[in-house]
Amino acid sequence: MAGLKELIDMESIEDQPTSSVPKNKSDYTEPYDPSMARGLAGIAVAGAGAYALRTPIGRVLQKIASIKVPKAPASRTSAPDKVEEVLEIAPTKMERGKALTVAQTKPQDEIRQIAIARSNELKKLAYNNPLSRGGKTNRIGSSLWDYIARHPISGARKADEWIKDFKSTGPGSFKTGNPEFKNINQAVKKDELWDSNLVQFDKNGNVVGGFLKVAAEKKIPLTKMDLLYIVEKAPVNNLKVRKLTTDTKIVDEAEDISSQAINMINKIRDKAVQMSTQLPNTDTGEKFTELVMLSKGVAKNLRKKTSRLHNHYRSADTSDYDSFDTDVFGQDIGDLKALFDKARNAGITTGDDTLAFLEKFKRIDTDLGRRLQLMKTQKMLPKYGNYDEYRVKGGDKYFEHVVYYPKPLPMGQRLSSNYQKHYTSEYGPTDSIPNQIYHMRGSIRTGGTNQNQKVMLIDEIQSDYHQALRKRDPKREKVVNAFGTEIEFFSANRKLEKIIGEMKDISNKGIRATPEDMQRFNKLNSDFKELRANSMNLSNINTRQATDGIPFLPLYGKENYGSHAIKNAIKTAADEGVDWVAIAPVEQLHHAKRTKYLGDIEFYGNRFGTAGFKNYGGRQGVVRKSADDREVPIKKDDGSFQNTDPKKMATLPSAMKKIAQQYGSEVKTIPIAKSDPSKPFKVVTKVENTQKVYGLNPDTAGTQHIGAFKTLEEAEEYRSRYGGTVVKMFDGDVRLYFDAYAIKVSPDMKTKPFKAYQTGGLVVNIFA
């Protein structure tokens, strides 16, 4: 029978299902082999010889040897993702992980020594690499892993004792002791205990669910390796992020080669204009006039093409990414060659480099087409760039990030469309993304404390799953968390082996066995039968419950998934050399472009990071969502209009402030460019955010930039296709910037992991 050690050695443990309720008996039974090398009959023979098998004890042992017991759950695999994944799945130190989570099946003295050695190693790992799950990640890790690893008890202990520890003040005030992390909050949160399915407490600190509850009821002893296995398998520690974005360098290169071509065209045009004015009302003059018109037409078509590329792949303001062929400029290159030929025939020198330029243009065009197709085949294109009311346009690079759990949910659970509305197969070219936790949208821009710095501006953070769950089952009473139940089998198996070991000792006495021995033997036999019967489903979760209940996903609550999104954004910004992470203020987006929800200002905040403006609220149209989804103006108990609170920190800015305090950074309001400051010709549209209540200077508000270009001709072409007004403004113009609350990416943020759950104390302080 495959034990925990064997599963780890085979590296199949990552793909194990969490269901402990198989459908067919043939799928889940096998002969019990406590030694993992020989049958129980072999133990009996070795202990007492053939005589023992003729005794009642021997016959019981022989019968037990033939019993079929649950075997390890069958492997359930999932296909690897085809795009870049950022959050770690597979441990980077697999060999160390193997050594730390081996099932204990050796003689007790040796087990104890091994446990002590492993425990000491775990303590060192947690001390040297806090929040990293023993050095497995430098992104988002686990305080709970460190707490368990640093626990002073090395061997197996009662589940009740573990529960008592988790109810003490220890987890809530835990620190590894590493001086480099002295300012970083490492407290264990109730949410992480719940989400890992290790133990679930109610608000009064009573145990209401989780593995430890079941283990306590079945009196199964547990080691820290057992608990760490559950933490490792917890979905929050196995998340991935799919990055959806466009290759904006395609636009840059297309605009550059097109600009070179237009410069050559303009030289021909200017010469043709000169010649046509010198030879008016002649056949030769008319040929030059035709050449002028042809030059303008070829240049206009090039600008039209780059304008479409800008809209599709820089602004990502489209849902149609199939409108370009593999040769983006194929027709234009042909027209350009024809123009060069006509110019030479008319006696206009085009230079010896025209042929070389055309060959260069063809090579670049082929490469551009290949890269456009690659974005489509890699399924990395954004889906919602054309939803203007949910983003601040004008960024250098638009992105969408989707954080999800990549494997099948345990016990065959599936999320309905009510919980997964955005990144499903019917939306654009991207395949359906399973088990979405949340998604984030935004852009990369110029800003910060100088013009050379880059800012990641977050427009939106949304969780379909948690928003739907909050409406249907806010207390998660119907949620079935079936993760981590496979460890129950292994834990039960280890106890079965211990029982068999005691039975073997009595069997070895042979005829010297006393009545007390026989009584003890019978008790052990009874315990064996009971544990075996219950080991099939220790969690008391059956298939119907799993099917009827709401499937579980981690990070419940906007504080948790919002904070996780901010941390993920900071790590991504650090990877890409971005200096700041900012939140789009409500006065620029949420309250300027759509319904003024109280929830938006309380979640995202304004440019100062607070959840309100002075004298701003229900009277200005701020509403809250009622239980039946009606939009209700915010009012006081007496019926008068209620104002927002300008002194209260909003959820995301509050998380940023706490992170900055711990990781040697700063948070403040910074200027952010509405579009690329190096491109002076802006295409702008009106945004109704000039209200006095916002406290904005009209010169710096009232517009958003939908495009920025180096030349007036490019801007006019874009305006003619996509609307707006062309305005010329240079870097330093106050109209070019808006303010946003931001956190600076510090060196510590680049190298040290964050913990997964909201920084600070417990949501419900059961450890007090």
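The values are calculated or read from the model by the stated rules, or taken from the named source; none is laboratory data. Please read all numbers here as calculations on a predicted model, not as lab measurements. Glycine also receives a Cβ, built like all others from the backbone with ideal geometry; neighbour counts cover every protein chain displayed.
Condition check: over 18 Å from the mean Cα position of the chain (by Cα), farther than 16 Å from L589 by Cβ, among the β-branched types (V, I, T) and surrounded by fewer than 18 Cβ atoms within 10 Å (Cβ to Cβ). Does T449 satisfy that? Here the answer is yes, as T449 does meet what is asked.
Restricting segment 120-146 to residues that are in contact with a Pro (Cβ under 7 Å, 6 or more places away or on another chain) and not hydrophobic (A, V, I, L, M, F, W, C) leaves a set whose member that is farthest from K567 (Cα to Cα) is D146. Taking the criterion of being among the acidic types (D, E) and over 14 Å from Q758 (Cβ atoms), the only residue of segment 182-204 that qualifies is D202. Residues in segment 323-345 that are within 45 Å of the chain's Cα centre (by Cα) and either more than 13 Å from L302 (Cβ to Cβ) or not in a helix (DSSP H, G or I) (or both): S323, F324, D325, T326, D327, V328, F329. If you go through segment 684-708 and keep only what is more than 34 Å from the chain's Cα centre (by Cα) and either among the aliphatic types (A, V, I, L, M) or crowded, with 23+ Cβ neighbours inside 10 Å (or both), you end up with V693, L696.
Per-residue answers, yes or no, for (1) among the charged types (D, E, K, R); (2) under 26 Å from E530 (Cβ atoms); (3) in a strand (DSSP E or B):
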site	(1), (2), (3)
Q186	no, no, no
L193	no, no, no
I220	no, yes, no
M225	no, yes, no
L228	no, no, no
N237	no, no, no
R242	yes, no, yes
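Only residues that are more than 23 Å from I220 (Cβ to Cβ) and touching a residue at least 12 places away in the same chain (Cβ under 8 Å): list them for segment 151-179, please. Residues satisfying the conditions are T169, G172, S173, F174, T176, G177, N178.
When Y321 is tested against (1) of a type in the set (F, W, Y); (2) modelled with pLDDT of 85 or more; (3) within 15 Å of T246 (Cβ to Cβ), exactly one condition is not met: (2).
Candidates K596, K636: the one that is in contact with a Gly (Cβ under 8 Å, 6 or more places away or on another chain) and free of Cβ contacts under 8 Å to residues at least 40 places away in the same chain is K596.
From the list Y127, Y147, the lone residue that is within 26 Å of the chain's Cα centre (by Cα) and not in a loop (DSSP other than H, G, I, E, B) is Y147. Just one of the listed residues (K614, K571, K625) is within 30 Å of L193 (Cα to Cα), assigned by TED's automatic domain parsing to the domain that holds Q704 and basic (K, R), and it is K571. When A582 is tested against (1) under 20 Å from E631 (Cα atoms); (2) in contact with a Gly (Cβ under 9 Å, 6 or more places away or on another chain), exactly one condition is not met: (1).
Table: residues versus (1) touching a strand residue (DSSP E or B) at 6+ places or on another chain (Cβ under 7 Å); (2) of a type in the set (S, T, N, Q); (3) outside the structural domain of A261 (by TED's automatic domain parsing); (4) part of a loop (DSSP other than H, G, I, E, B).
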site	(1), (2), (3), (4)
P382	yes, no, yes, yes
F399	yes, no, yes, no
V403	yes, no, yes, no
P408	no, no, yes, yes
Q420	yes, yes, yes, yes
S425	no, yes, yes, yes
Y438	yes, no, yes, no
I444	yes, no, yes, no
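Only residues that are among the acidic types (D, E) and touching a helix residue (DSSP H, G or I) at 6+ places or on another chain (Cβ under 6 Å) were counted across segment 223-246, and they come to 1.
When every residue of segment 116-131 is checked against the conditions, none turns out to be touching a strand residue (DSSP E or B) at 6+ places or on another chain (Cβ under 8 Å) and either surrounded by fewer than 23 Cβ atoms within 10 Å (Cβ to Cβ) or in the same structural domain as G562 (by TED's automatic domain parsing) (or both). Any residue in segment 523-534 that is under 23 Å from P410 (Cβ atoms), in contact with a strand residue (DSSP E or B) (Cβ under 8 Å, 6 or more places away or on another chain) and either in the same structural domain as S196 (by TED's automatic domain parsing) or at pLDDT 90 or above (or both)? There is at least one residue in segment 523-534 that is under 23 Å from P410 (Cβ atoms), in contact with a strand residue (DSSP E or B) (Cβ under 8 Å, 6 or more places away or on another chain) and either in the same structural domain as S196 (by TED's automatic domain parsing) or at pLDDT 90 or above (or both).
Across segment 576-598, the qualifying residues are those that are β-branched (V, I, T) and assigned to a loop (DSSP other than H, G, I, E, B), and the one among them that is surrounded by the most Cβ atoms within 10 Å (Cβ to Cβ) is V586.
Residues that are in a helix (DSSP H, G or I), farther than 30 Å from I433 by Cα and touching a residue at least 40 places away in the same chain (Cβ under 8 Å) do occur in segment 346-356, at least one of them. Could we say that V207 is assigned by TED's automatic domain parsing to the domain that holds P130, of a type in the set (V, I, T) and over 30 Å from E576 (Cα atoms) here? When the stated conditions are applied, V207 passes them. The residues of segment 213-260 that are more than 22 Å from the chain's Cα centre (by Cα), among the β-branched types (V, I, T) and under 30 Å from F754 (Cβ atoms), listed by number, are T223, T248.
Taking each residue of segment 656-674 that is touching a residue at least 60 places away in the same chain (Cβ under 8 Å) and not assigned by TED's automatic domain parsing to the domain that holds H564 and looking for partners that are of a type in the set (K, R) and surrounded by fewer than 19 Cβ atoms within 10 Å (Cβ to Cβ) with beta-carbon atoms closer than 6 Å, six or more apart or interchain, yields nothing. Can you work out which of the residues in segment 180-202 that are over 19 Å from G134 (Cβ atoms) and surrounded by fewer than 15 Cβ atoms within 10 Å (Cβ to Cβ) is modelled with the lowest pLDDT? Filtering first and then ranking leaves D202.
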